[in-house]
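Asks: I'd like to ask you about the structure that follows.
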Amino acid sequence: MILSSQTILQEAIGSGGLTAAIGHLTQVSQNLGFPFFAYGVKCPLPISQPRIEMVSNYPEAWQQQYQSHHYVQIDPTVRHCTRAPTPVLWDASAFDERVFGEQAMAHGIRNGVSIGVRDAQGRLGMVTLARDQTLCTPDEFAHIEGNLALLGQLTHAALVEKLTQRSSQPGPALSERELEVLKWTAEGKTSGEVAMIMNITERTVNFHISNCIVKLDASNKLHAAVKAAMSGLLG
């Protein structure tokens with residue numbers, strides 16, 4: 001990646017607002033020969049229906065169609081990035097999902113590259129660079145492939161908090177003792193075993209567990225431990 005793009009990425013991370021960060025990252029994408037830039041993040045909770053946030057400079061009509069038709073569920077680039085950390089070079093005309101590919105091309109999203117990034121909080125970020133005309137050749141892909149991992153990491157760092165915080169509520173404030181109880185619970189320890197390990201009474205352990213269940217809006221202690229772990233609260 002050229003030095004100017006690295007500088008722009010650093011500016012995106014340090015920028016105060018989501019709109020400014022997206023502007024910086026769009027410039028990086030254009031410097032690399034891709035006029036379209038997209039970033040999405042899938043949060044680990046709720047477990048049954050993880051929250052997904054997306055932002056891009058795609059045509060507004062395509063953004064609305066992608067959302068209303070729930071294309072994220074069939075998008076082959078999303079499927080790849082969910083399963084593998086390696087970047088993927090794609091061509092919408094070759095998608096098995098023919099209707100999806102045709103609709104993407106109709107809005108100028110014909111070919112590009114995508115890469116997924118996972119962080120310590122269990123969030124999956126995905127960066128896509130796309131364009132309409134010239135197909136990204138293997139030689140061009142090889143030229144930028146080594147920098148895509150850095151691009152993915154820095155883009156995720158620049159946008160994940162800005163994007164998730166705009167529609168999320170503050171997380172629960174668990175005490176150090178509550179967190180410790182949950183950590184041992186997540187390890188499969190019973191209340192009695194946790195009491196022995198922490199040198200407290202079993203009644204106290206159950207008191208802390210009850211508080212955790214309430215604070216995490218969980219149905220039981222296992223559910224509380226899972227939610228805390230997937231939210232990155234247990235380290």
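Asks: Enumerate the helices in the chain for which the Kyte-Doolittle hydropathy averages -1.0 or more and the C-alpha atoms extend at least 24 Å along the helix's axis, using complete DSSP H runs.
Replies: 138-165
Asks: If I compute solvent accessible area with a 1.4 Å probe over the protein chains, what percent of it on the stretch 119-220 is carbon and sulfur?
Replies: Carbon-and-sulfur percentage of accessible area, whole number: 52.
Asks: Moving to a separate point now. Which order do peptides 57-65, 206-214 fall in by mean Cβ count within 10 Å, highest first?
Replies: So the order, starting with the most tightly packed, is 206-214, 57-65.
Asks: Per residue, what accessible area does the stretch 188-235 have, given a 1.4 Å probe and all protein chains present, in Å²?
Replies: Normalised by residue count, the accessible surface of the stretch 188-235 is 59 Å².
Asks: At a 10 angstrom cut-off on C-beta neighbours, averaged per residue, how do the peptides 226-233, 124-131, 156-163 rank from highest to lowest?
Replies: 124-131, 156-163, 226-233
Asks: If each of Ala84 and Ile200 carries a label point 7 Å out from its Cα toward its Cβ, how far apart are those two points in nm?
Replies: The two pseudo-label positions are separated by 4.7 nm.
Asks: Then there is this: Once label points are set 7 Å from the Cα along Cα→Cβ at both Thr164 and Ser93, what is their separation, rounded to one decimal in nm?
Replies: So the two model labels end up 3.9 nm from each other.
Asks: Match the structure shown to one of the listed values (i) 1.03; (ii) 1.10; (iii) 1.22 of Cα Rg over 2.2 N^0.38 Å, computed from it, and give that label.
Replies: Only one option fits the structure, namely (iii).
Asks: Here's something else I'd like to know. Which of Lys42/Lys227; Lys183/Lys215; Lys42/Lys183; Lys42/Lys162; Lys183/Lys227 have a Cα-Cα distance over 21 Å?
Replies: Result: Lys42/Lys183 exceed 21 Å.
Asks: Taking only protein heavy atoms and a 1.4 Å probe, what accessible area per residue, in Å², does the stretch 74-146 have with all protein chains in place?
Replies: Accessible surface, normalised per residue, equals 49 Å².
Asks: Within 10 Å of each candidate Cβ there may be at most 16 other Cβ atoms; applying that plus a DSSP loop requirement, which trypsin sites (Lys or Arg not before Pro) in the stretch 13-101 survive?
Replies: Those satisfying the criteria are Arg51.
The values are calculated or read from the model by the stated rules, or taken from the named source; none is laboratory data. Because the structure is a prediction, the values reported are computed rather than measured. Ideal geometry is used to build each Cβ from the backbone, glycine not excepted, and the neighbour counts take in all protein chains shown. When the accessible area is computed, the model is the full protein with side chains, heavy atoms only, and any ligands, DNA or RNA have been set aside. Shrake-Rupley method; radii C 1.70, N 1.55, O 1.52, S 1.80 Å.
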